[in-house]
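What follows is a single structure, written as structure tokens, with notes after it.
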Amino acid sequence: FVVSNTQAMHESMAGKVNLSDPAVMADLVQSYHINPANPAALQALNGEITRQATMVAYIDDFRLMLIMTLCCMPMLLLMKAPKRGAAAGGRPHVEVE
């Protein structure tokens, strides 16, 4: 789930980066010191987008695990305690040979 969510987030985030927009280019140069003419700089930008997409994917996965845990917690009320009289009566439940 993390991998597919990372790919979806990467696609969504990379789609919002428009290198022909002067405001985006000014922000990249000022904040990240990325020169768009340098291929290594564009690779670094892709790495940053991948890092942020992975973080969003992990956050979404942990949110899903929290929701699943909260939904399963009421099932604990349906569990019964084991009967203690049968085990104390002599023979154990499991015999090991």
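The values are calculated or read from the model by the stated rules, or taken from the named source; none is laboratory data. Small disclaimer: the values here were computed from a predicted structure and weren't measured. In this analysis, Cβ positions are derived from the backbone assuming ideal geometry, glycine residues included, and neighbour counts consider all displayed protein chains. Keep in mind that these areas ignore ligands, DNA and RNA; they rest on the heavy atoms of the full protein, side chains included. Shrake-Rupley method; radii C 1.70, N 1.55, O 1.52, S 1.80 Å.
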Legend entry - Label corresponding to P(r) over Cα pairs in 10 Å bins from 0, in percent when calculated from the structure given, among (i) 13, 25, 17, 12, 11, 9, 7, 6, 0; (ii) 16, 43, 23, 12, 5, 1, 0; (iii) 16, 49, 29, 7, 0: (i)
Legend entry - Accessible area expressed per residue, the chain, with surrounding protein chains retained (probe 1.4 Å, Å²): 84
Legend entry - Nearest 10 degrees, 0 to 90: helix 2-15 Cα axis against the chain principal axis: 20
Inset, instruction - With all distinct Cα pairs included, what does the Kirkwood hydrodynamic radius of the stretch 26-73 come out to in Å, to one decimal, could you say? - result: 12.9
Inset, instruction - Multiply the residue separation of residue 71 and residue 55 by 0.36 nm, subtract the distance between their alpha-carbon atoms, and state the gained length in nm to one decimal. - result: 3.3 nm
Legend entry - Net charge of neighbours whose Cβ lies under 9 Å from the Cβ of residue 5, counting Lys and Arg as +1 and Asp and Glu as -1: -2
Inset, instruction - Tabulate in residue order the Karplus-calculated ³J(HN,Hα) for the stretch 38-43, using 6.51 cos²θ - 1.76 cosθ + 1.60 with θ = phi - 60°, rounded to whole Hz; enter x for Gly and Pro. - result: 8, x, 5, 5, 5, 5
Legend entry - With at most 14 neighbouring Cβ atoms within 10 Å, loop trypsin sites (Lys or Arg not before Pro) (DSSP) excluded, longest segment of the chain: 17-79
Inset, instruction - Counting helices only, and only those DSSP H runs with n ≥ 4, report the 222 nm mean residue ellipticity of the chain as the sum of -39,500 (n - 2.57) divided by its residues, in deg cm²/dmol to the nearest 500. - result: -20000 deg cm²/dmol
